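Data block below; observations after.
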Amino acid sequence: MKNILFISTVFLIFYSCTSEKKQKPTVLQVGVSKAVINPAIGSYIAGDKQNRTFTGIKDNLYAKAIVAYDGETAFALVTLDCIGLLYQDLQTIRKKAAFVDFGIPFSPENIIISSTHTHSGPDVVGLWGKDYTESGVSPDYMKFLFETVIQQIASASNNLKPATTSYSLTEFGEEWVANICDEEIDRSVTILQFIDDMGKSIATLTNFACHLSERKDKPPVTY
């Protein structure tokens with residue numbers, strides 16, 4: 001049900017503001033952009049124990065933006081490789097975006113940010129500093145992150161191209177998708193794809209509510 005609501009919400013945001021009085025078909029345009037958001041070496045790592053710091057880079061962390069525009073209303077979804085972003089930070093990004101000319105009509109309230117919840121990203125919440133009494137958040141990094149998010153929304157807005165959409169629903173039932181309690185979890189997987197005029201994918205959105213955890217009665221999971 002959550003995934004069906006996710007798809008419905010996305011489509012409603014795309015199309016709800018299209019005037020029924022206009023007798024012309026809506027042409028959906030979609031653009032994408034991404035940028036590396038690696039923190040400085042020595043920054044605190046989010047997730048697990050406190051007082052862990054970065055000593056090198058194995059894989060890059062990214063901010064990835066997708067902008068959809070139906071000729072009247074624009075919508076931006078940004079995914080960050082971080083543990084999670086606080087609502088106050090989303091509000092800060094929206095306030096800054098209000099002063100940016102994206103080249104298309106854009107309401108800051110239509111900026112949605114999600115996080116991959118990686119445990120290999122920087123502390124952007126404040127729980128993983130030297131200890132529980134010190135925040136691990138770097139103000140300089142947060143400023144860089146906010147600016148990068150807005151830049152990628154602007155870049156995606158400049159990369160708009162006509163698009164069609166398709167979606168799929170399925171479930172994933174492997175045993176390693178487990179909850180920490182005895183209640184059943186949401187195993188549904190939602191996929192929403194934007195395709196250009198040549199039949200090539202512009203972007204694919206996947207919604208899967210999965211948090212891997214090590215179970216005492218099973219061998220550790222390697223991934």
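Annotations
- Of the residues making up region 36-51, those that are on the phi < 0 side of the Ramachandran plot and either modelled with pLDDT under 95 or buried (at least 16 other Cβ atoms within 10 Å of the Cβ) (or both) are Ile37, Asn38, Pro39, Ser43, Tyr44, Ile45, Ala46, Lys49, Gln50.
- Filtering region 101-139 to residues that are over 18 Å from the mean Cα position of the chain (by Cα), touching a residue at least 12 places away in the same chain (Cβ under 8 Å) and closer than 30 Å to Arg52 by Cβ leaves Leu127, Trp128, Gly129, Lys130, Asp131, Tyr132, Ser135, Gly136, Val137, Ser138.
- Region 120-130, residues that are exposed (fewer than 14 other Cβ atoms within 10 Å of the Cβ) and out of contact with any Ser or Thr (no Cβ under 8 Å at 6 or more places or on another chain): Lys130
- Residue check, Gln91 outside any loop (DSSP other than H, G, I, E, B), over 19 Å from Ala203 (Cβ atoms) and polar (S, T, N, Q): yes
- Condition met for Ser19 (in a loop (DSSP other than H, G, I, E, B), out of contact with any Cys (no Cβ under 7 Å at 6 or more places or on another chain) and modelled with pLDDT under 95): yes
- Test: residue in region 98-118 that is loosely packed, with under 13 Cβ neighbours inside 10 Å, of a type in the set (A, V, I, L, M, F, W, C), within 14 Å of Ile150 (Cβ to Cβ) and in contact with a helix residue (DSSP H, G or I) (Cβ under 6 Å, 6 or more places away or on another chain): yes
- Count of region 94-112 residues, restricted to those that are part of a loop (DSSP other than H, G, I, E, B) and either closer than 20 Å to Leu80 by Cα or not aliphatic (A, V, I, L, M) (or both), is 7.
- Matching residues, region 147-178, being closer than 20 Å to Ile112 by Cβ and either surrounded by fewer than 17 Cβ atoms within 10 Å (Cβ to Cβ) or among the polar types (S, T, N, Q) (or both): Glu147, Thr148, Gln151, Gln152, Ser155, Ser157, Asn158, Asn159, Thr165, Tyr167
Let's see how each residue does on (1) of a type in the set (Gly, Ala, Ser); (2) on the phi < 0 side of the Ramachandran plot; (3) in contact with a strand residue (DSSP E or B) (Cβ under 6 Å, 6 or more places away or on another chain):
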{"site": "Lys58", "(1), (2), (3)": "no, yes, no"}
{"site": "Thr79", "(1), (2), (3)": "no, yes, yes"}
{"site": "Thr92", "(1), (2), (3)": "no, yes, no"}
{"site": "Ser107", "(1), (2), (3)": "yes, yes, no"}
{"site": "Thr116", "(1), (2), (3)": "no, yes, no"}
{"site": "Leu160", "(1), (2), (3)": "no, yes, yes"}
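- For region 126-145, filtered to residues that are farther than 17 Å from Leu86 by Cβ and among the hydroxyl-bearing types (Ser, Thr, Tyr), the residue that is modelled with the highest pLDDT is Thr133.
- Residue check, Thr133 assigned to a loop (DSSP other than H, G, I, E, B), on the phi < 0 side of the Ramachandran plot and out of contact with any Ser or Thr (no Cβ under 7 Å at 6 or more places or on another chain): yes
- The set of residues in region 186-207 that are surrounded by 15 or more Cβ atoms within 10 Å (Cβ to Cβ), out of contact with any Phe, Trp or Tyr (no Cβ under 7 Å at 6 or more places or on another chain) and at pLDDT below 95 comprises Asp186, Ser188, Leu205.
The values are calculated or read from the model by the stated rules, or taken from the named source; none is laboratory data. Since the model is a prediction, treat every value here as computed from it, not as a measurement. Methodologically, a virtual Cβ is constructed for each residue, glycine included, from the backbone with ideal geometry; neighbour enumeration extends over all protein chains shown.
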